[in-house]
Structure formats: C-alpha cells, structure tokens
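A short reminder: the numbers here are calculations on the coordinates, not readings from a lab. None of the values given here were measured: they were computed from a predicted structure. So basically every Cβ, Gly included, is an ideal-geometry build from the backbone, and we count neighbours across all protein chains shown.
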Amino acid sequence: MAASLASKWSRVKLVGRSLLGGLGNNLSGLSSTSHEMASSNFLSQQQRTFIQMRTVLKVVDNSGAKTVMCIQPLKGRKVARLGDTIVASVKEAMPTGKVKKGQVVHAVVVRAAMQHGRSDGSEVRFDDNAVVLVNKAGEPTGTRVFGPVPHELRRKKHVSILTLAEHLA
C-alpha cells in the first residue's frame, strides 16, 4: 500500500516537474507535493464533458456539413449523451451538400468524448464528439455514416443510423 502510494506521488511529481519546468525542485514537504499534484492534474488532465450549448461537433455523414454547433439538447435537458438528439447550427459545409452553412438542423450524437458506462460494466469513450444529421422524424439526412458508432443507439431507437454505419463499437 505504502509503495503504491509512494509511486503514485512520485509519478505525479515527475509529471508536475516536466509540465511546469521544475516548479517543485526547491520546495519541500507535503504542501509542495499537494501543490504539484493539483497543478499537474489541472494541466495534464484532458477536459471531457457532456455535449452542451455551444459545443462544436464533427459531422460524420455525407449530408454536406462538416461541423455543427449545438444550440440545445432536446427533451428539456441541459446536456446530451450518446444517442440523444440535439438542435444544431451548421458552421462549416461543403458547397455541393444537402445542407448549407447557417442552417438549423437536428442531429443525433453518435460519438462523445465523455465516457459512457455499459450494462456489462465496461465503459466506452471516443476521441471526438460527432453527430449524424437527421430530419424531425429521426431519419438520417445522409446516406452513409463514417467511423465507429456505438451499439447503444439501438436502445435509443436509432436503428436506421446503425444500418448506415461502417463499423459498430
């Protein structure tokens, strides 16, 4: 127990020194270690949050949009998770696509950087936040979906997105 705690502190201390340029070299005691731990955790930890208002998301279908910004998650929630529907504004689009820049669209979150627990105890987490554009009835606007899509969409009644996906995660 003490050895694992000591290795944890030394690892944190090493990360703190490498990120802060030797901040704790002349400091001593527990206060310097806790300070280094707090600063290194703040700097080295990647921020992973739910999809909320003003979150920029990647579009992974062939509808013509490249990125969208979340306006509001639907169903009266403040945040959206995997499989939730959001209202978004198109920020970047291809000129020959079905949707244009500035258009307000509905989209389903298919990948989220925030981890999501599964019923078997495992957790799924993706590198980026991504959506598939849908119409108000929930049918996809595009005809293909790129990249991995989690099978949790089946529970949320988005089977049509799963049929278009290349890879199920």
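Taken over the stretch 78-124, residues that are of a type in the set (K, R), part of a loop (DSSP other than H, G, I, E, B) and surrounded by 15 or more Cβ atoms within 10 Å (Cβ to Cβ) amount to 3.
Exactly one of these conditions fails for H167: (1) over 23 Å from I71 (Cβ atoms); (2) in contact with a Pro (Cβ under 7 Å, 6 or more places away or on another chain); (3) of a type outside the set (F, W, Y); (4) surrounded by 13 or more Cβ atoms within 10 Å (Cβ to Cβ). Give me its number. Among (1) over 23 Å from I71 (Cβ atoms); (2) in contact with a Pro (Cβ under 7 Å, 6 or more places away or on another chain); (3) of a type outside the set (F, W, Y); (4) surrounded by 13 or more Cβ atoms within 10 Å (Cβ to Cβ), the lone unmet condition for H167 is (4). For residues that are under 21 Å from I51 (Cα atoms) and touching a residue at least 40 places away in the same chain (Cβ under 8 Å), scanning just the stretch 150-164, find the one that is surrounded by the fewest Cβ atoms within 10 Å (Cβ to Cβ). Restricting to residues being under 21 Å from I51 (Cα atoms) and touching a residue at least 40 places away in the same chain (Cβ under 8 Å), the top hit is R155.
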